[in-house]
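The values are calculated or read from the model by the stated rules, or taken from the named source; none is laboratory data. What you see is a predicted model; the values in this text were computed from it and never measured. In this analysis, Cβ positions are derived from the backbone assuming ideal geometry, glycine residues included, and neighbour counts consider all displayed protein chains. Just the protein is used for accessible areas: all its heavy atoms, side chains included, with ligands, DNA and RNA removed. Shrake-Rupley method; radii C 1.70, N 1.55, O 1.52, S 1.80 Å.
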Amino acid sequence: RVHPLCKLLRKLWEERERGAVIELHLEGGTMLLPDWFDSKHSRHSHGLFAAQAADGTVTMTVVAWDTVLRVVVRSVEGLPEGMFE
């Protein structure tokens, strides 16, 4: 089984190809701005993300799906196909 939030994030992640920015807001007030989402390794209880730092290094973060309070997708050019119908 694939976690429902993983399924939804797969669809939302497609918007990054068109310039959108994805924010993950977590319990405790932390916000994650990932550059990469590994859907293959994010199917069950946790999601795997990575972000590139200014110094060129990459930080990988594993997030328990149940700690994600909301996902914000900014700078979307129109609504994604198949959503809000």
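Table for the structure above
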quantity	calculated
In Å, descending, principal axis extents of the Cα set of the chain	38, 32, 26
Residue 73 versus residue 51: modelled label distance in nm, points set 7 Å from Cα along the beta carbon direction	2.0 nm
Value of relative contact order over the chain, rounded to a whole percent, pairs C-alpha under 8 Å and six or more apart	33 percent
Long-range HN-HN contacts of residue 3 with modeled amide H, under 5 Å	44
Neighbourhood charge, 13 Å Cβ-Cβ cut-off, centred on residue 47 and excluding it, Lys, Arg +1 and Asp, Glu -1	+2
Length released on extending from residue 18 to residue 1, taking residue separation times 0.36 nm less the Cα-Cα span	3.2 nm
1.4 Å probe accessible area per residue over the range 17-85, in Å²	69 Å²
25 °C / 0.890 mPa s Stokes-Einstein diffusion coefficient of the range 1-46, Kirkwood radius on C-alpha pairs, µm²/s	214 µm²/s
